[in-house]
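The values are calculated or read from the model by the stated rules, or taken from the named source; none is laboratory data. What you see is a predicted model; the values in this text were computed from it and never measured. Here the Cβ is made from the backbone with ideal geometry for all residues, glycine too, and neighbour counts use every protein chain on show.
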């Protein structure tokens with residue numbers, strides 16, 4: 001696929017995916033959504049970690065309402081159709097990725113863009129970043145999985161505040177709420193996020209299993225988690241990286257994992 005609205009490259013086993021429509025603050029259109037799906041598929045196959053970020057001054061301003069893939073004059077218009085057709089699949093791809101995902105957030109992470117940023121495993125934000133669910137201001141509901149992501153990360157009360165009031169949550173506050181992992185200086189964002197992604201890209205095959213277990217645990221009983229861990233441990237124990245990890249431990253040297 002030829003990309004018009006994203007950039008894609010692989011460096012040091014990290015697939016770098018950049019939302020690239022800075023004139024709209026990287027607003028999500030159907031074209032960008034299709035390209036992002038394709039890039040996530042490629043990254044999962046071609047790299048050992050994925051870094052998701054936005055070009056210019058923002059991560060993403062949310063869905064591109066100016067594209068209007070629906071008829072405002074139609075009382076039966078279905079504003080949610082595009083979610084089903086394109087956008088929801090991106091959240092699910094982020095959730096089910098076999099490799100770790102890092103998001104690097106500068107400026108706005110709004111609407112569905114906020115959901116995509118928060119769906120990463122490690123979220124690194126610059127000091128000028130903010131997270132926004134302003135759907136209430138235009139008479140819509142949060143989407144892209146934001147209701148689930150916010151409630152699970154920040155708790156119901158804080159999620160309600162963010163969604164019902166539609167106010168910006170600055171990076172530091174987002175960190176205090178448990179929405180993101182780290183806040184760094186604006187000029188250190190790219191280097192910090194890439195360093196994190198590269199660290200994950202040198203990790204063992206088990207990292208993909210760990211992230212899958214963590215996602216599943218959020219909606220499972222302890223009994224189901226115990227069973228899932230037992231099954232995943234069997235898979236991890238049969239990997240080449242497990243053999244290397246044990247050998248490195250016994251030889252008192254750093255392990256050299258291959259992601260296999």
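Quick look at the numbers
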| read-out | value |
| --- | --- |
| Unmet criterion (only one of (1) outside the structural domain of residue 93 (by TED's automatic domain parsing); (2) in contact with a helix residue (DSSP H, G or I) (Cβ under 8 Å, 6 or more places away or on another chain)) for residue 211 | (2) |
| Residue match in region 62-76 (condition: in contact with a strand residue (DSSP E or B) (Cβ under 7 Å, 6 or more places away or on another chain), farther than 29 Å from residue 214 by Cβ, surrounded by fewer than 21 Cβ atoms within 10 Å (Cβ to Cβ) and without any contact (Cβ under 8 Å) to a residue 60 or more places away in the chain) | no |
| Residues located in region 220-232, provided they are surrounded by fewer than 14 Cβ atoms within 10 Å (Cβ to Cβ) and part of a helix (DSSP H, G or I) | 222, 223, 224, 226, 227, 230, 231 |
| Test for residue 217: is it free of Cβ contacts under 8 Å to residues at least 40 places away in the same chain, exposed (fewer than 14 other Cβ atoms within 10 Å of the Cβ) and outside the structural domain of residue 120 (by TED's automatic domain parsing) | no |
| Selection count where residues are crowded, with 23+ Cβ neighbours inside 10 Å and assigned to a helix (DSSP H, G or I), scope region 1-32 | 1 |
| Enumeration of residues in region 67-91 that are out of contact with any helix residue (DSSP H, G or I) (no Cβ under 8 Å at 6 or more places or on another chain) and either modelled with pLDDT of 95 or more or in a loop (DSSP other than H, G, I, E, B) (or both) | 68, 71, 72, 73, 74, 75, 76, 77, 78, 79, 80 |
| Residue 235 vs. criteria surrounded by 12 or more Cβ atoms within 10 Å (Cβ to Cβ), at pLDDT 95 or above and assigned to a helix (DSSP H, G or I) | no |
| Candidate set: region 238-260, residues that are over 25 Å from the mean Cα position of the chain (by Cα) and assigned to a loop (DSSP other than H, G, I, E, B); chosen: the one nearest to residue 99 (Cα to Cα) | 239 |
| Search result, residues across region 45-61 that are surrounded by fewer than 19 Cβ atoms within 10 Å (Cβ to Cβ) and either under 14 Å from the mean Cα position of the chain (by Cα) or not in a loop (DSSP other than H, G, I, E, B) (or both) | 45, 46 |
